[in-house]
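Read the structure below first, then the notes.
Values quoted throughout were computed directly from the atomic coordinates according to the rules given, and no laboratory measurement underlies them. No experiment lies behind these values; they were computed from the predicted model shown. Every residue, glycine as well, gets a Cβ built from its backbone with ideal geometry; the counts of neighbours run over all protein chains shown.
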Amino acid sequence: MFRRNFIALATAGLFALGVAGPAAAQDDFIIVQSTTSTQNSGLFDYMLPMFQKETGIEVRVVAVGTGQAIKNAANGDGDVLFVHAKASEEQFVADGDGVERSDVMYNDFVIVGPPSDPAGVAGMSDVAAAMVKISDAGAAFASRGDDSGTHKAELRLWKDAGVDVAAASGGWYRETGSGMGGTLNTGTGMDAYIMTDRATWISFGNKGDYQIAVEGDAKMFNQYGIILVNPEKHSNVKAEQGQKFIDWVLSEAGQAVIADYKIDGQQLFFPNAK
Amino acid sequence: MDSFSGILMEAIELILSWDSDVIEIIMLSLRVTLCAVLLACVIGLPLGAIVGAFRFPMRTGVVVVMNTLMGLPPVVVGLLVYLMLSASGPMGVLGLLYTPTAMIIAQTILVTPIVAALTRQVIEDLNLEYSEQFASLGVRPIERIFALLWDARYSLLTVALAGFGRAVAEVGAVIIVGGNINHVTRVMTTTIALETSKGNLQLALALGLILLLIAVVVNILLMAIRGTAARAAYV
C-alpha cells in the first residue's frame, strides 16, 4: 500500500511536468518588453490582434517600467523593446544591446491634481513655473520613483525648474516606487499632484474628482521608440519576426492603427514614424 | 468609494457571464498552483518525513533552515528564478522565462519549504508515538517513512492546503518570472494587480472574491475526499 501511494505521488509529479510543458512549445511568437502606459491604455490589446491576423506572429508583451524593460532586454529576455525614454534608448543601442532605434509615436505628459488645487496651478501651461509653485506651496506631489520613462521625464522637468526634489523627498515630495497606476491610486488618495502620461490618465478608472491641472508645455512631449534587441549579442533573439513587427508598427498600416485607437473619442497616441 | 454590495454584484456578474478570458485566467491559476503544490509535495513530504523520523548530525540546523525558508519573500524567489532562467542566466537556453513552467518553478520553491517544515513536525510527533513499535517489529527505515506518511495522511492534507494557500495567493514571484502576458502567463493574482494599476478597483476586488471562491472550492473538495476516505477506513 505504501508503495502504491508513492507511485501515485510520482505519477502526479510527472503529470504536473507534462501539463506544464505545452505552453513553451508554440514557436511563432515574439516577446516585446514594453511599458505600463502602452499596456494599461489598451493600445496593445487593440493593435496586436491585427498584427497577428496579418502575419500569424503572436506578440507577448511584458509590461514593466521603462528602466526594468531596458534591463530585461539587455539580458536578452525579449526580442523587441518598445519604451519611452529616448536618452536611455540611445544608450541601449550604443551599448550594442539594440540594433537601431526608431520613433513610433508620441503623446504628452500632464500634471493632474485635486479640485482644491492647493498650489494654485490649475490651467497653467508653463510646467517649470507650475513646479516652482507646487514646491513653494509645499503641496504634496506623488512621484513614480521607479526609474521608469515617466519618472526620468519628471526628474528632468524638476531639474529644468530648478527645484531640488531629493531634499524634499519624504516631505511634500513623495516617491511611491510603483507603476503609473499604483502612483495614481496612492497620489489621489493623499490629494497629491501627479505627473502622468495622458494615455494612462484617460484610461485610468479611479480618477475620483481629479482633473488635469497642467498641460500643453512643449517640454512635456513624450516620445515612444522601438528597437530590435541585438541578435548578435543574444542568439535567442528572433530577429526575423521581431523585425517584421517593427516594420509593421512603422508602416502606414501600423501607424494608422495607432492613430485610430481612441477612448471616449480621445486619441491616445499620435504616430510619428519617419 | 464603491459599495461592497456593488463589488459583490460585479463578482457574481463576472462568474455568471462565463467570460472566456476570465475562465482562461482561472484555469491557468489552478494549473500553475496545483502543479506547484504537487511538485512541492513530491519533494517536501519525503524530505520532511526523513528529517522528522531520524536523528542525524546537524539535524537541528536543518530544521532551522527549513523553518526559516517558510518565510521566503516571493519577490526574492522571483528574482532568483528570473536570474536563473534569463537568456543571459545559466539556464537561459531552456527558454523557460515568461512561461507557465517558470511560474511553477518559482511557486514550487516557495511552497516546498512550507510542506517540508510542516511535514517534519507532523511526522516527528507521530514517530514518537510509534517508535517503540517500530523498534520491536524491526521495521526497516524506508518502510518506517512510508508507514508514518501513510498514517499521517489526513494531517498532511492540511499541510498541502497550507502550501496551496500560499501558492494561489502569491503575486510577487509569478509576475516577475511570468511577465503577466495576456493569454500566456496571466493568472488571477497578476490580473488583480493589473486591474488595480488601471484604477479598476471594483473589478480587481471582484476578481479577488472569485479567487477566494476558488480556494473555498478546492478546500471543500479536499475535505470531501478526506471525509470519504476516513469513512472507508473505518468500515
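Among the listed pairs A:238/A:274; A:152/A:274; A:71/A:219; A:86/A:238; A:159/A:238; A:53/A:262, which are separated by more than 28 Å between their Cα atoms?
A:159/A:238
Across chain B, C-alpha contacts under 8 Å between residues 6 or more apart give a mean separation that, scaled by the residue count, equals a relative contact order of 31 percent. Compactness of chain A is given as radius of gyration and Dmax, 21.8, 79 Å, from Cα positions. Residue exposure proxy: A:224, A:193, ordered by other Cβ atoms within 10 angstrom of their Cβ from fewest to most, comes out as A:193, A:224.
Order by neighbour count: B:183, A:84, fewest other Cβ atoms within 10 Å first, most last. Numbers along the way, then the final one.
Details: B:183 11, A:84 27.
Starting with the residue having the fewest Cβ neighbours, the order is B:183, A:84.
Counting only Cα atoms, the size of the range A:108-220 along its three principal axes is 33, 28, 25 Å, in decreasing order. One quarter of the surface of the convex hull around the alpha-carbon atoms of the range B:27-123 equals 6.9 nm², the direction-averaged projected area.
Dividing the Cα radius of gyration by the Kirkwood radius, what Rg/Rh value follows for the range B:1-62? Provide the component values of the computation, followed by the final result.
Details: Rg = 21.4 Å, Rh = 15.6 Å.
Taking Rg over the Kirkwood Rh, I get 1.37.
So what is the relative contact order of chain A, in percent, for Cα pairs below 8 Å that sit 6 or more residues apart?
Values: 497 pairs, mean separation 74.3, N = 274.
About 27 percent, as a whole number.
Based on other C-beta atoms within 10 Å, arrange A:269, A:82 from fewest to most. Intermediate values should be presented prior to the final figure.
On the way: A:269 24, A:82 27.
Final ranking by Cβ density, sparse to dense: A:269, A:82.
All Cα-Cα separations within the range A:122-163 were binned at 5 Å from zero, giving a P(r) of 5, 23, 29, 29, 12, 2, each value a whole percent of the pairs. Note: the range B:32-80, Cα convex hull, 88 Å³ per residue.
Computed from Cα atoms alone, the Kirkwood hydrodynamic radius reported for the protein assembly as shown is 25.3 Å.
Note on residue B:151/residue A:122: beta-carbon distance plugged into 1/(1 + (r/R0)^6) with R0 of 60 Å gives a FRET efficiency of 0.25. A Stokes-Einstein calculation at 37 °C with viscosity 0.692 mPa s, built on the Kirkwood radius of the range B:22-189 over Cα pairs, returns a diffusion coefficient of 194 µm²/s. The shape of the range A:164-274 can be summarised by an equivalent ellipsoid whose semi-axes, obtained from the alpha carbon gyration tensor, come to 33, 21, 13 Å from longest to shortest.
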